[in-house]
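So the structure is just underneath, and the comments pick up after that.
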Amino acid sequence: MIPVVASNGNHSPKLNNIGQSYHHHHHHHTTNNIGGGVLYLWGEKYTTKPSFCSSIPNIQSIHCGFNHTLVLTEQGQVYSFGDNRNQQLGLSNESILEQFNQNAISSSSCGASSSPSSLSSLSLSSSTSFRSSMNLRNSNTNSSSPFAHSSIPLLISGVFNGLKVKMVASGGCFSAAVLENGLLYTWGTLDDIGKSTTILPTKVDLIKGVTSVSVGLNHIAVVAESNTPTEKRAVYTWGSNKRGQLGVLGDSITNAPRKVTLGAKALSVCCGEEFTAAIVEGNEVFVWGNNKGRQICPNNTDETISIPVKPFLGRDIVELSCSRNYIVARTGAGNLYCWGNNESVCRIADSSTMVQFPQKIKQISAGVSHVLALSEKGEVYTWGQGEDGQLGGGDVHKKSMTTNFKKISHLENRQVLYVVAWGRCSGAVVEPGNSRVEVAETMRRAENNKSIAPLYVRRLTHFIRGDSSKLEGIFRLSGSKARVDELERRLESNEEFSMSKYEAFDAADVLKRYFKNLPEPLLVQSLCNQYEKDILNCSDLNLQKRLVMEWISQLPRENRELLIYLLSFLDEIVHTQLEHQKANAMASKNLALVFAPNLLTKGEIGNDEIIEIMINMFNEIIGAHSSLETSIIIDHIQDGIKGARKIPYTIDLWKRCKNTRESATKAFLEPQVLIEIVDQIVLDLTLASNMQSPLSLSNNIINSNSKSTSSLLNTVSPLQSPKHRSTSISIVNPTNNNGATNNNAFNKNIVNPIFFGSLSSPTLSSSISNLPLPGALSSSSSSIPPNSTLAEYRDVLLLFLSPILQPTNILKVLPSMSQIQDVNNLFIQLLLLNKLVKTLNYDIYQKVLNEINNIKTIDSTTTFQDSIIETCNSFIHLTSEILLIETNQNIWKGITNNSKIYLSNIMEYFNWWNNYLQKSMSDLEDKILRSKKDFDKVENEKMKNEKLLATNSKAQSSFTTTQTTTTTTTINVDELKNEFERWTLMNQSKTIAEKTENFKIQMEKLEWEKQVLQLECNKFKPHFNSVKDFVDSSIKSFDQYLDHLEQQKQQCQLTFSQYCGSFFDTIFKFQNDQPDNISNKLSETIHALSREWNSHPHHLVSLEIETKLNSIKKQLK
């Protein structure tokens, strides 16, 4: 039984307690074909109209037992929840405890919302609430499991040997699952006396090839392979037989599967509480079991039917759904029959009358006293009892029962995939909506997976971001209603289209509409009721901020993330508008006035102050949820770098983020940020260069004689995108959180790359022969991105990478590196190793000499006052750089060594492929040469045979002449011998001709393969040269930088004392009687030097220098 969902105002249903009524149905034809969707529920203890259930993620189907539920996901995983007193959840104590711990951790870090895509990460508001959902059994029970009940879904894992589950069934206190290989697993308690109980899913060894399974109150039925030639597939049953529900004569309880004799191949089976029905070949129906009140067979008065009978003939039944005391059947034409002992349902028509619908019905499900029918167009029809809201009409008091089917209007215009009725409740698996639905539902869509906001919203913000955000009146002025309506419709349908025909004002209007049309405010109505007035009635800004932070932390995760994404975007708009529009700018107050009605309580006046506070305190909000910084930056990358047109705007945005938020600075150090940047640049460069798809030529293709020319040409494989690589790269950045170098962190934690095999070894990678060869870079100058674009890409890379690996060289080699996945991974690791590591790549020594000369020019109080502030700043900076040289040198020695290893491995891959191609060409040329020699031999053999034939023909002619001059009838032996030789030579000529033709075909094929291979060699060459140039220049850059550091260290060691002495002597000479600003600057400088040198002693800071520093420090006091 599915957990009862409690209605909480306008909220989604939340998992609560377990219901009491029982129902099960089996759906044979569509369960395995539908895609995943979200679950909508309505009925007893739910709402009276279909409501999204956020606690259960995307599923294919859901099946209910007496008090427990099984959920099947589109990934073939099974989750169970509900009553576990009879082990029907199929979980060991260890598995339950492990998932308990995972959920407790998840709840402490994620808040009260569930994951959008995985049941395993469902979280509750606290570990206490999770513990309360896992009711412990009383210690005096006989069960081996202490867990009596779980109100959250738990994954059944580790028992199916890694195979996917294709169908599940549950009934009573028993559960079953059929794997993709047709094996059946069962668990729980099947009989009604509790003697036969299985804790974990256990394989049923006696049957195989299961295609249908159904569970009743205390029995189970399956369709499986049969050895009987006439049946091929048969129904097998076991469990309780007290009402004849097993379809066999004999024991009241049977623990082993027994075949039911039907006389025809079984197609599907469906169990009611105490009866069973099956469809056989020819779409005929058999029923057996409890027939009290003629509930399964209207034309049979027996209360128990132990031998299967046909309730009717010739109705072309393709699907059955059985309830407690009636059966609903669907025909191949999509119409229904209904019969049994339930007036609420069966009054729609008598058992012999077909029920027709406006649309063809594709799936049915029966509850205790109501039925759901799903049409091919995704419409849901229902009839029966409705006093508990199970008919989905939204108002149970108007009509508690209907004997005519009606359409559920609340599911109109939704793509319903599957329906389920049980007890007095209903459910539907629905394709996640794109707008006008809860945010948590929208985030279940495939395109929103792992995103911070719906694609619908992101497309709009991307369109507005950049130059459009500078427009006067953005979000205040309206767009064209016709264009706005059209844009909204196209976004809702998830259509692929260009937004170039629309204006920014159109997109701004659609964005406002999105939030306005949410079923409830983004900030959740119950929380609005709790916090709005408290914040508005408070005059203390700090208290207002604390209440805002508390409010945001209590939002469902999806709402919270979308809110933060929106605030981030509005924060951008504010800064851009203030910079470009000045007095007419859309500042935070203006934006708050526009968005407050769409985010907070609808119709409330004066609550815009809350949104204004949120926009203004965005840096504090994102600081409290810093894990979202990376997602926001990645969104900037996907929009701002694409096509390069927004790069200047994006760079300015990132600089501002880094300057104002420490969390943003940390996020820029995350590997996935650099990976996303490289991916986007590679994609743009690839498109700009018109790169062709490479040919994947392995040894098998090149060296196989069996491959035809056409098959060789058809081996084109798509370009391997860097998006397909693994991003789990373990690199420790040798910087601390503040961007300063960290020598110890680098030397201890850096992960060295793995060396691969020798150049001649094909074991460089286990799948090396399957790697795609590089495509050709177009040589056309018109296809190369303009220099301005490359310069913008370079500016992006300079934000993340140290300049030793020159961005220009990186951009040149990126398309080549992305050709081979393993090389691309190494290249990314190389970039991460060189990410934001401090460099000293200028002439410090010359700057010191210049400063010494400048200090010498200070010969009066006037010149001292004019230049001392700048001199102090330069002294602090340069001395810090000098003392850092040795540390930086040690760090870069480590980086250089590891970078060279990566570069060597990258070059090794390309060398291997270059040698492989060259060897393949050499082998192919040898093969062509051998074929030519063999062809010449055949030609010589042909010429020799032709000469022999000519000689034989002359001899045959002489025999003919002799025979005409003589009349003897004596047989001429020589003539017969000559005739035989001619026959032999003719056969040899035929064989030689066939050989010649075969050799010609083979030669043509080999020459064509040579041309194709030569083309691949020509394609590979520019990539090889590009990589080689990059590797050589990079190694040279590393070595030059280390030489530069060594030179600077030697030179600066000689001048450091002189520089310090000149500086301190000048201060000592002119420090007295200076203005306050000069005195304060001197004191600040001296104290800063003292703190730095005391905390980080250095051998260059001699005792003489320290003495001078301390002397000046005392005088400045």
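In region 439-464, the residue that is surrounded by the fewest Cβ atoms within 10 Å (Cβ to Cβ) out of those that are assigned to a helix (DSSP H, G or I) and among the charged types (D, E, K, R) is E447. Exactly one residue out of V380, V368 is modelled with pLDDT under 95, out of contact with any Phe, Trp or Tyr (no Cβ under 6 Å at 6 or more places or on another chain) and among the β-branched types (V, I, T), and it is V368. Per the conditions (1) assigned by TED's automatic domain parsing to the domain that holds A333; (2) not in a helix (DSSP H, G or I), the sole criterion not satisfied by S435 is (1).
The criterion of being polar (S, T, N, Q), surrounded by fewer than 24 Cβ atoms within 10 Å (Cβ to Cβ) and either touching a His at 6+ places or on another chain (Cβ under 7 Å) or not assigned by TED's automatic domain parsing to the domain that holds Q295 (or both) does not hold for Q390.
Would you confirm, using the coordinates I've provided, whether I869 is closer than 21 Å to T1055 by Cα, outside the structural domain of V1101 (by TED's automatic domain parsing) and of a type in the set (A, V, I, L, M)? Against the criterion (closer than 21 Å to T1055 by Cα, outside the structural domain of V1101 (by TED's automatic domain parsing) and of a type in the set (A, V, I, L, M)), I869 does not qualify.
A single member of E629, E670, E620, E676 is farther than 24 Å from I828 by Cα and among the acidic types (D, E), and it is E620.
Taking (1) exposed (fewer than 12 other Cβ atoms within 10 Å of the Cβ); (2) over 51 Å from the mean Cα position of the chain (by Cα) in turn, S922 satisfies each apart from (2). In the set S129, S175, only one residue is closer than 20 Å to I56 by Cβ, among the polar types (S, T, N, Q), at pLDDT 95 or above and assigned by TED's automatic domain parsing to the domain that holds H63; that residue is S175. Across region 1063-1088, the qualifying residues are those that are assigned to a helix (DSSP H, G or I) and among the polar types (S, T, N, Q), and the one among them that is surrounded by the fewest Cβ atoms within 10 Å (Cβ to Cβ) is N1077.
How many residues does region 1089-1099 contain that are surrounded by 17 or more Cβ atoms within 10 Å (Cβ to Cβ) and not in a helix (DSSP H, G or I)? So the answer is 0. Would you say D843 is modelled with pLDDT of 90 or more and acidic (D, E)? Criteria met by D843.
Against the test of being of a type in the set (S, T, N, Q), surrounded by 19 or more Cβ atoms within 10 Å (Cβ to Cβ) and either touching a residue at least 24 places away in the same chain (Cβ under 8 Å) or under 20 Å from Y1041 (Cβ atoms) (or both), the options N841, N834 yield a single qualifying residue, N834.
As a summary of the residue check, N413 satisfies the conditions (1) part of a loop (DSSP other than H, G, I, E, B); (2) closer than 19 Å to R560 by Cα; (3) of a type outside the set (V, I, T) except for the one numbered (2). The criterion of at least 2 residues that are touching a strand residue (DSSP E or B) at 6+ places or on another chain (Cβ under 9 Å) and more than 20 Å from R557 (Cα to Cα) is met by the following helices (runs of 4 or more DSSP H) wholly inside region 593-694: 671-688. Screening region 497-551 for residues that are assigned to a loop (DSSP other than H, G, I, E, B) and acidic (D, E) and picking the one that is nearest to P432 (Cα to Cα) gives E520. Restricting attention to region 88-106, the residues that are crowded, with 22+ Cβ neighbours inside 10 Å and modelled with pLDDT under 90 add up to 3. Selection over region 311-344 of residues that are at pLDDT below 90, among the hydrophobic types (A, V, I, L, M, F, W, C) and surrounded by 23 or more Cβ atoms within 10 Å (Cβ to Cβ) gives a count of 0.
For (1) assigned by TED's automatic domain parsing to the domain that holds N1110; (2) crowded, with 17+ Cβ neighbours inside 10 Å; (3) touching a residue at least 60 places away in the same chain (Cβ under 8 Å), each residue gets a yes or a no:
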residue: Q1014; (1), (2), (3): no, no, yes
residue: H1023; (1), (2), (3): no, yes, yes
residue: E1046; (1), (2), (3): no, no, yes
residue: K1049; (1), (2), (3): no, yes, yes
residue: F1056; (1), (2), (3): no, yes, yes
residue: G1061; (1), (2), (3): no, no, no
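Entry remark, region 1016-1055: residues being over 19 Å from E908 (Cα atoms) and among the hydroxyl-bearing types (S, T, Y) number 3 in total.
Applying the set (1) touching a residue at least 12 places away in the same chain (Cβ under 8 Å); (2) closer than 20 Å to R436 by Cβ; (3) assigned to a helix (DSSP H, G or I); (4) under 33 Å from the mean Cα position of the chain (by Cα) to D485 leaves exactly one unmet item: (1). Checked against the criterion of being of a type in the set (S, T, Y), outside any strand (DSSP E or B), in the same structural domain as V345 (by TED's automatic domain parsing) and farther than 20 Å from G188 by Cα, region 214-227 has at least one qualifying residue. Do we have Y46 as modelled with pLDDT of 50 or more and either more than 22 Å from E520 (Cα to Cα) or surrounded by 24 or more Cβ atoms within 10 Å (Cβ to Cβ) (or both) here? Answer is yes for this residue. Of all positions in region 290-301, at least one carries a residue that is more than 26 Å from G188 (Cα to Cα), out of contact with any Phe, Trp or Tyr (no Cβ under 6 Å at 6 or more places or on another chain), hydrophobic (A, V, I, L, M, F, W, C) and surrounded by 18 or more Cβ atoms within 10 Å (Cβ to Cβ). Checked across region 572-586, the condition of being part of a loop (DSSP other than H, G, I, E, B) and out of contact with any Phe, Trp or Tyr (no Cβ under 7 Å at 6 or more places or on another chain) holds for at least one residue.
The values are calculated or read from the model by the stated rules, or taken from the named source; none is laboratory data. All values derive from a computational prediction rather than experimental measurement. Glycine also receives a Cβ, built like all others from the backbone with ideal geometry; neighbour counts cover every protein chain displayed.
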